[in-house]
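Values in this text are rule-based calculations from the coordinates and carry no lab data. Since we're looking at a predicted model, the values are computed, not measured. Here the Cβ positions follow ideal geometry from the backbone for every residue, glycine too, while neighbour counts run over all protein chains shown.
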Amino acid sequence: MIPDFDKSKLQRQPFTYGVVPSALRNEDSLALLEWLEADAPWQLRVASFYEQFEFSILDAELPGHLQSLFCSESLAALKNCIENVFDADLDDRIDITVHKLVRGQRIRIHNDYIPGRETHRLLIQLNRGWQDSNGGALIFFNSQRADDIHRIFRPLHNTGVLFEISQNSLHAVSPIMDGERYTLVLSFYKNGHAECENPPSTSSAA
């Protein structure tokens, strides 16, 4: 699981981010989606700015054909890729969660920034034939104003967005109008940031 990304394509405003056209091998993305649709251990989580179903990959019993996606070798290679893209020194800890949004759910504007917590994030969209009419767009903002939109991303299957978490990394997900929208969320820590004992972060946009 190593995204094909050229760091020269990073955008620096309003915060540092990049787009990954093909995040996983196609067969892996479809196999993961099939499991998420059929057997994944979803739990509903409701917070002040979002409502979604979610679970941690690290706590789940993965089927055998998916285990290589999240083995230590794959995650180490992914961490090295993220380090190279962002010129960052990352800790070995990687939090891996999956989010599911269904009709009526959304994620309001937030930045994911908490001192001592995650510093970089990779979002990988997983879905079937998503259309604009389904809603669920990932939106980046220039400010806290809902009309101050920097960029809108369609949640197309197997596309990824990676970004550096900061006070400026303001983003949201528009309401789901139809269908189920799945996102694999991988969170990384700069060295020194993962030493604090914190509960797993699930307050990310997906």
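Counting only lysines at least 8 places from residue 7 when in the same chain, those with an alpha carbon closer than 22 Å to its own are 79, 190. In the chain, which longest range has no GluC sites (Glu not before Pro) that are both DSSP loop (not H, G, I, E or B) and surrounded by at most 16 other Cβ atoms within 10 Å? Value returned for the longest uninterrupted segment is 62-196. In the list [x] -0.75; [y] -0.84; [z] -0.67, the label attached to log10 I(q)/I(0) by the Debye sum over Cα atoms at q = 0.13 Å⁻¹ as derived from the coordinates here is [z].
Among 38, 172, 146, the largest mean-square fluctuation in a Gaussian network model of the chain, built with springs joining Cα atoms closer than 10 Å, belongs to 38.
For the stretch 70-154, the list of trypsin sites (Lys or Arg not before Pro) that fall in a loop by DSSP and count at most 15 other C-beta atoms within 10 angstrom reads 103, 128, 145. Dividing the summed -39500 (n - 2.57) terms of all DSSP H runs of n ≥ 4 by the residue count of the chain sets its mean residue ellipticity at 222 nm at -4500 deg cm²/dmol. Phi angles of the stretch 159-164 translate, via the Karplus equation with coefficients 6.51, -1.76, 1.60 and θ = phi - 60°, into HN-Hα couplings of 8, x, 10, 10, 7, 8 Hz per residue; Gly and Pro are given as x.
For the pair the stretch 93-108 and the stretch 1-79, the centres of their Cα atoms are 11 angstrom apart. Think of each Lys and Arg Cβ as +1 and each Asp and Glu Cβ as -1; about the Cα centre, that makes the dipole of the stretch 14-163 roughly 640 debye. The phi-based Karplus calculation (6.51 cos²θ - 1.76 cosθ + 1.60; θ = phi - 60°) puts the 3J(HN,Hα) values of the stretch 185-192 at 10, 10, 10, 10, 10, 5, 3, x Hz, whole numbers, x for Gly and Pro.
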